[in-house]
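The values are calculated or read from the model by the stated rules, or taken from the named source; none is laboratory data. Because the structure is a prediction, the values reported are computed rather than measured. Quick reminder, even Gly has a Cβ in these numbers, built from the backbone with ideal geometry, and neighbours come from all protein chains shown. Quick note on the areas: whole protein, heavy atoms, side chains included, nothing else; ligands and nucleic acids left out. Shrake-Rupley method; radii C 1.70, N 1.55, O 1.52, S 1.80 Å.
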Amino acid sequence: MLIFVAELNRFYKENPSLWQLDFSPDGFQWLDLEDRQNSIISYVRYGKDRADHLVCLFNYTPQTHYNYKLGLPTGRQYEEIFCSDHSRYGGSDANDDIRHQPIAEQYAQAPFHTRITVPPLAGLILRPVPSI
C-alpha cells in the first residue's frame, strides 16, 4: 500500500491535467457514465492545453472485461500510463500494455473509441501518445 500511495502521489504531481482545471468545467468531460450493467465509468481530465489530457476508466466489479469499448476524445493513439491492477500493487496484471488505436466511430459521449482489457476492481489511466 505504501508503494501504491507513493506512486499515486508522484503520478498526480507529474500530470497537470489532473489538477490544473479542478474548479472549471473545462477540465472534465464524461466519456461514458451509463454502463450500469458492468459498473464501469470513464471520463477525461484536461489541462489548460486541451492536448494535455488523460482518459480515466474505473471498473467497480471483480470481473475482468475483455475487448471492452472505451470512448476516446481524439483520433490519436493512446498508451496506458497507470493501472491500479499492476502486480507491484498486489493486482492481477490483467491489463493491456499496448498502444490503443482509435476507431473513427462515435461511442457514448466520445467521437472515437478503442477496445481495451479492463482489469477487475481497477482504475486505468491513458494518455495520447506524444507526437514525434
### Message
Checking the conditions here, which among Ile116, Ile125 is in contact with a Leu (Cβ under 7 Å, 6 or more places away or on another chain), open to solvent by less than 70 Å² (accessible area, probe 1.4 Å), more than 21 Å from Met1 (Cα to Cα) and among the hydrophobic types (A, V, I, L, M, F, W, C)?
### Response
Ile116
### Message
Please determine whether any residue of region 33-44 is basic (Lys, Arg) and closer than 20 Å to Tyr68 by Cβ.
### Response
yes
#### Entry: Residues being acidic (Asp, Glu), farther than 16 Å from Thr61 by Cα and under 14 Å from the mean Cα position of the chain (by Cα) - total across region 75-119
4
### Query
In this structure, does Asp22 turn out to be in a loop (DSSP other than H, G, I, E, B), at positive phi and open to solvent by 30 Å² or more (accessible area, probe 1.4 Å)?
no
### Message
Can you find, within region 82-111, the residue that is surrounded by the most Cβ atoms within 10 Å (Cβ to Cβ) among those that are aliphatic (A, V, I, L, M) and touching a residue at least 60 places away in the same chain (Cβ under 8 Å)?
### Response
Ala110
### Summary
Looking across region 1-19 at residues that are modelled with pLDDT of 95 or more and not in a helix (DSSP H, G or I), the single one that is most open to solvent (accessible area, probe 1.4 Å) is Trp19
### Query
Can you find even one residue in region 17-29 that is without any contact (Cβ under 8 Å) to a residue 12 or more places away in the chain and in contact with a helix residue (DSSP H, G or I) (Cβ under 9 Å, 6 or more places away or on another chain)?
yes
